Amino acid sequence: PQVAAAMEDQGLTKHSTAVSQLRQFVKNAQCSKSLLRWLLTLNHKPTGHTNVLERYGMELDSLCKLMMEHRVMFESPVDQEASASKAEIESSYVIPTKLPTEPPSKFDTQLRKGQMSCMCRVEFNIQREFPPGLVETTMAALQDVDDDLRMQSFFRFGGFLYNQAKPNRKALFLFEYPTLILQVQAQCNEDDEDGREQLAARLSELKERV
């Protein structure tokens, strides 16, 4: 509330708009370009936060490119249906380090009745933890791997791509030390050879991206 109030006081945006976008940011680490600008130009005395862009003499676009280059954040895929109704869609980003540690409710490797899957497990020969940036780089690489599955949900150690119109089809990845799990799911009968081949092809696309 204090940050939203400060944004309004400094003429950056309306309080209600700030609250709405900050809630979205806290919930799933999605940050619009506007919110990123407001946060980076905000002066907030209680936290000692001063106008970052002004302090370092940087343009927002340059900073965004730098953050994406170093995999600190990546662009969210554009909702094709929403973009069809608007002339221009504002850029939105995902900042992985701000994602919740608990998986979303729909994140599940278990199959529903009538579903089949293809899965791949990648074992890392490491002693303690995944290398810095590995999870973030994987998210950036896989977030648009399937054009038919544009809706998405991420958490700190994985994510899945799905489409509400196709609830029985999705792709997911999960980091469980020391393993990376890649899985694709679809409505498919056991004797459906074409369907099984399509599943294997979709999994191969995930593996190639990683």
(request) Please go through the residue pairs Lys65/Lys207; Lys113/Lys207; Lys14/Lys106; Lys33/Lys113 and name each one whose alpha carbons sit more than 31 Å apart in this structure. (result) Lys14/Lys106; Lys33/Lys113
(message) Modelling each spin label as a point 7 Å along the Cα-to-Cβ direction, I'd like the Leu53/Ala141 distance in nm, to one decimal.
(response) 3.3 nm
(message) Sort 34-41, 163-170 by the packing proxy (mean of other Cβ within 10 Å over each peptide's residues), most packed first.
(response) 34-41, 163-170
(request) Using a cut-off of 11 Å between beta-carbons, work out the net charge of the residues near Thr41 (Lys and Arg +1, Asp and Glu -1, Thr41 not included). (result) +1
(message) Here are a few candidate values for Rg/Rh (Cα atoms, Kirkwood Rh): (i) 1.00; (ii) 1.03; (iii) 0.97. Which one was actually calculated from the structure I just gave you?
(response) (ii)
(request) With the full set of protein chains in place, find how many percent of the accessible area of the range 1-155 is carbon and sulfur; take the probe as 1.4 Å. (result) 49 percent
(request) Can you grab the distance from the C-alpha centre of the range 88-119 to the C-alpha centre of the range 1-56, Å, no decimals? (result) 26 Å
(message) On a 1.4 Å probe surface of the protein chains, which of Glu75, Glu208 comes out largest in accessible area, and what is the full order?
(response) Glu208, Glu75
(message) Taking R0 as 41 Å, what FRET efficiency do you get between Gln10 and Asp194 from their Cβ-Cβ distance, rounded to the nearest 0.05?
(response) 0.10
(request) Keeping all protein chains in position, work out how much accessible area Thr17 exposes to a 1.4 Å probe, and write it in Å² to the nearest 10. (result) 50 Å²
(message) Keeping every protein chain present and rolling a 1.4 Å probe, give me the accessible area per residue for the chain in Å².
(response) 61 Å²
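Report the gain in length on full extension from Asp148 to Arg112: 0.36 nm times residue separation, minus Cα-Cα distance, nm rounded to one decimal.
Additional length available on full extension: 11.0 nm.
The values are calculated or read from the model by the stated rules, or taken from the named source; none is laboratory data. Since this is a predicted model, take the numbers as computed values, not measurements. Cβ coordinates were reconstructed from backbone atoms using ideal geometry, including for glycine residues, and neighbour counts include every protein chain displayed. Ligands, DNA and RNA are stripped out before the accessible areas are found, and what is left, the full protein with its side chains, is counted by its heavy atoms. Shrake-Rupley method; radii C 1.70, N 1.55, O 1.52, S 1.80 Å.
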